[in-house]
Each structure stands twice: as C-alpha cells, then as structure tokens.
Amino acid sequence: MTAPVASPWHPGETAIQEQVGVAARMAEVGRRVVRDVMPAQHRAFFAQLPVLVAGSVDGQGDAWATLIAGAPGFVAAPSPKLLTIAARPDPRDPASAGLREGDAVGLLGIELHTRRRNRVNGVLRGSTDGVLRVAVEQSFGNCPQYIQLRDVVALGDPLGDPQHAF
C-alpha cells in the first residue's frame, strides 16, 4: 500500500483554504495538477519565451517581481527537474537581492498571444556565466482567465542596455 501524496500547498495557502471551506477540495486539486517535475510540454513552452516573470524575496523578507528577458531559447529545461535562465535582472532591480544560491524563486511564463501560462517554483542551485539554475520543486499550468490577448513585438535587444531596449 502506498502513502497518499502530500498536499503541495504551503501552510499559509492551506490556512486560507480552510478559512473559506475549500481545503479538502484544493488538496485533491493540488495533488492532481501540481507536479514535482516539468512535463515535456512545459519544457518546450518555457524554451520558446522571450520574457519570464520572476518572483523573489530579499533578505528583509520583502517580495519582489521582475521581468527577465532574452531571445527565445534563453530559458532552457535540460531535464524535467532543472530550468536554466541565461539572463538575469539588472543588479539595481530589487528582485536581484532574492536571486542567490539557495533562494526560493517563483517563475511564470506567459504566452500573451494565446493566453497560455505555466508556473515553476524552485530553488536556485548555482549560477555561473550569468546562467541561473533552478531546481524544480513544482510545475503547473495556470488558468488564462485574467490574461488579455496581446501581441508582443521586440523593440530592442533584451540583452542590451535596459535603458535603450524599449
């Protein structure tokens, strides 16, 4: 007999779910949709994106969100448990303070022309040559309900000077 898979939700999420009376339902949903690896379709999805939303927490406990951009292919998933990002925010960006070895990071990829979006949560495991390595702990799709269709056009080199990219 195998043990049931634990809920993927952290204590703050489960507390809110309990408060609104949906904890049991969300535990089942979480076990069904939140994976500890990236499926092939998520790996391919992230690799074709020109921008990635990253969430981090600095040393004072403040949460930050930022955009990390590059030519499609700057994000890669060489294995189901590893995501690499060959770019990083400007060092003056407050989110950079939470992108160090061992830090937790939340990543969101959005394909604006289709409204498709996928999430990856993980831990940074080393950075060399400007490449961030994220050990994947959670991978899941997100509902496109609040995403408005948009066309994206690059106006400059996303790896160039951020002041002249737009």
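With respect to the conditions (1) surrounded by 15 or more Cβ atoms within 10 Å (Cβ to Cβ); (2) within 12 Å of the chain's Cα centre (by Cα), ALA65 lacks only one, and its number is (1). Report, ordered by the first and then the second residue, all pairs with beta carbons closer than 6 Å, sequence separation of six or more or different chains, a first member in region 97-110 that is open to solvent by less than 40 Å² (accessible area, probe 1.4 Å), and a second member that is of a type in the set (A, V, I, L, M) and part of a loop (DSSP other than H, G, I, E, B). Taking only residues 6 or more apart or on different chains, the pairs are GLY109/LEU49. Scanning region 28-49 for residues that are farther than 14 Å from THR84 by Cα, within 14 Å of the chain's Cα centre (by Cα) and at pLDDT 90 or above gives no hits.
Report yes if some residue within region 28-51 is farther than 21 Å from VAL136 by Cβ, loosely packed, with under 13 Cβ neighbours inside 10 Å and out of contact with any Gly (no Cβ under 8 Å at 6 or more places or on another chain); otherwise report no. Looking through region 28-51, at least one residue is farther than 21 Å from VAL136 by Cβ, loosely packed, with under 13 Cβ neighbours inside 10 Å and out of contact with any Gly (no Cβ under 8 Å at 6 or more places or on another chain).
Going through (1) open to solvent by 70 Å² or more (accessible area, probe 1.4 Å); (2) touching a strand residue (DSSP E or B) at 6+ places or on another chain (Cβ under 6 Å) one by one, ILE85 falls short only on (1).
The values are calculated or read from the model by the stated rules, or taken from the named source; none is laboratory data. No experiment lies behind these values; they were computed from the predicted model shown. Here Cβ is always computed from backbone atoms with ideal geometry, including for glycine, and neighbour counts include all displayed protein chains. Heads up: the accessible areas ignore ligands, DNA and RNA and are worked out on the full protein's heavy atoms, side chains in. Shrake-Rupley method; radii C 1.70, N 1.55, O 1.52, S 1.80 Å.
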